[in-house]
Every structure is written in structure tokens, then in C-alpha cells.
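*Asks:* First the structure, then my questions, so here it is.
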Amino acid sequence: MRAKREYRDRDETQVAILDALADRRDDGMTVFELRSRVDADIDELETALADLKSDGLIEATEEDERTVILPEDHAIGRYDPDDEPSLLDRIRSWLGR
């Protein structure tokens, strides 16, 4: 699973977070686990998490004295990169053909 297509145009770090969380949809991840999966420094990670939370795409819960971040169901779906239109398809669409 991956972040839904409508959320893939967000900041690269935000998309990486959503993709990582999609893999652990039911269990969620701690900030430390996310840090090991997302190629971003801690400041970028914190900013991206804050933006995702304010946009209602993730939630944070307290479990066993640790904060676990979970994706909201509407943010995660099946994503197949092969379904993406090719460059030629996008040019044709832009030209109206």
C-alpha cells in the first residue's frame, strides 16, 4: 500500500512518511521508526508530521508510554506506479488529444 494518488503531490518528506506508515497501517510507527525509514533530518520530519496532522492525514496516539503515529484510512490506498500516465500521455492530454 502507498499514499493515495491525491496525496502524492505533497512535499517529498510527507509522501515518504505516508508511504512508510502505509506499510505499518495497523501498528503505526514511532518518530524513531519513521526516522529510520524516511530520508530527512529531524527538523524536516517534525515539520512534515505537523503538516500531515493539521491536514488530517495522520493521528498520534499514546501507547505504552510512547507516541505512535498512524495514517488516517482516507490517506492510504492501493497505489500502482504503473498506473501513472506516461510523459507522452500527459503531453497528449495537455494538447487535448
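Nothing in this text is a laboratory measurement; each read-out follows from the coordinates by a stated rule. Just so it is clear, the model here is predicted, and its values are computed rather than measured. Positions of Cβ are generated from backbone atoms using ideal geometry, with glycine treated the same way; all protein chains shown enter the neighbour counts.
*Asks:* Which order, highest average first, do 11-18, 47-54 follow once you tally other Cβ atoms within 10 Å for each residue and take the mean per peptide?
*Replies:* Most protected by this proxy first, the peptides run 11-18, 47-54.
*Asks:* Using amide H atoms built 1.01 Å from N in the peptide plane, name the residues 5+ places from ILE58, or on other chains, whose amide H lies under 5 Å from its own.
*Replies:* Amide H to amide H, under 5 Å and 5 or more residues apart or across chains, ILE58 pairs with LYS53, GLU72.
*Asks:* What do you get for the angle between helix 42-54 and the principal long axis of the chain? Use alpha-carbon atoms, 0 to 90 degrees, nearest ten.
*Replies:* Orientation of helix 42-54: about 80 degrees from the principal axis.
*Asks:* Now for a different question. So which GluC sites (Glu not before Pro) in the range 31-72 are both in a DSSP loop and have at most 12 other Cβ atoms within 10 Å of their Cβ?
*Replies:* GLU65
*Asks:* A further question follows. Where nothing but the Cβ of Lys and Arg (+1) and of Asp and Glu (-1) is charged, how large is the charge dipole of the chain around its Cα centre, in debye to the nearest 20?
*Replies:* Dipole of the chain, to the nearest 20 debye: 680 debye.
*Asks:* Sticking with this one: Given that just one value was derived from the coordinates, which of (i) 5.8; (ii) 6.6; (iii) 7.2 is mean projected area of the Cα convex hull in nm²?
*Replies:* Read-out taken from this structure: (iii).
*Asks:* Which residues among the range 13-39 fall inside the zone where the amide N is under 16 Å from a point 7 Å beyond the Cα of THR47, along Cα→Cβ?
*Replies:* Residues 13-17, 39 qualify, since their backbone N sits under 16 Å from the label point.
*Asks:* I've got another one for you. Using alpha carbons only, how many degrees (0 to 90, rounded to 10) separate the axis of helix 12-23 from the longest principal axis of the chain?
*Replies:* With rounding to tens, the tilt is 70 degrees.
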